[in-house]
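This report concerns only the one structure given below.
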Amino acid sequence: MAGGRARRFHVLKQEWGFKQFISKKDFTDPSNGFLVDDKCGFGAEVYIKENKTSVVECLSLKSSTVDKEPYKREFKITNFSTLKAKWVSEEFTVKGHKWKIEVYPNGNGEETGQSLSIFLSHVVSNNCASSERVRLCYTIRIKDQSSDLQHHQRTSSGRWFSASNDNWGWPSFIKLSSLNDPKKGFVVKDCCIIEIELPVQAISS
């Protein structure tokens, strides 16, 4: 509902919103707590009505504070040149949710033979409600082992992970010609170092 009225979404009208959701003065007023450390969190409640039967999907934020000290971890991939299909990291836990990194050294899909592909996967377990969604804005980098100055990295925009949307990343993370260039230090003594920096923005249920 918006302004007391139901909104109908269809192929010609795929979005609705509010032109004046909140005044800029109220939004930026520190005493209101909407904007903290130049960051804010949003929640939504969606009610779906179909065939005279109401189906309700409610999205409520359990947490919307961005980590001041995000989770950070390195993974060392040895015998890099011998990897055939993909490399999968051991699982790691952040805010009660399990994750793993998947690396395709020779690319994935259309990027096979062209680029290295990297994806972050959300592992749903018995300790984590399958209905929970986690919003991340994370960074993955391949480290320059020769000078520690020219790391290659990509940062995602805010992404919601859930049981039905559990994998996101970059099919073309870095071109193989650049990755294998000995002057750039990404692969040294057949070893590649991947680092992830993962701040949780919000958790909803």
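The values are calculated or read from the model by the stated rules, or taken from the named source; none is laboratory data. As the structure is a prediction and not an experimental result, all values here were calculated from the model. We work out accessible area using only protein heavy atoms, side chains counted, and drop any ligands, DNA or RNA first. Shrake-Rupley method; radii C 1.70, N 1.55, O 1.52, S 1.80 Å.
Quick rundown of the values:
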quantity: Note, ³J(HN,Hα) from phi for segment 81-92, Karplus 6.51, -1.76, 1.60, rounded to Hz, x at Gly and Pro; calculated: 5, 8, 5, 8, 9, 8, 10, 10, 6, 5, 5, 9
quantity: Rg followed by Dmax, in Å, when segment 103-177 is reduced to its Cα trace; calculated: 14.6, 44
quantity: Per-selection Rg to Rh, segment 132-176 - Cα, Kirkwood hydrodynamic radius; calculated: 1.09
quantity: Descending Cα extents along the principal axes, segment 64-205, whole Å; calculated: 46, 31, 23
quantity: ³J(HN,Hα), Karplus 6.51/-1.76/1.60, whole Hz, each residue of segment 173-188, x for Gly, Pro; calculated: 6, 7, 5, 4, 5, 6, 4, 8, 6, x, 6, 8, x, 7, 10, 10
quantity: Area of R73 that stays accessible when all protein chains are in place (1.4 Å probe, Å², to 10); calculated: 70
quantity: Solvent-accessible area, 1.4 Å probe, carbon plus sulfur percent, for segment 79-182; calculated: 42
quantity: V188 - accessible surface, heavy atoms, 1.4 Å probe, Å² rounded to 10; calculated: 50
quantity: Residues with amide H under 5 Å from that of F186, placed H, sequence gap 5 or more; calculated: Q145
quantity: Under Karplus coefficients 6.51, -1.76 and 1.60, residue-wise ³J(HN,Hα) of segment 98-114 in Hz, glycine/proline x; calculated: 9, 9, 8, 9, 10, 10, 9, x, 10, x, 9, x, 5, 8, 4, x, 10
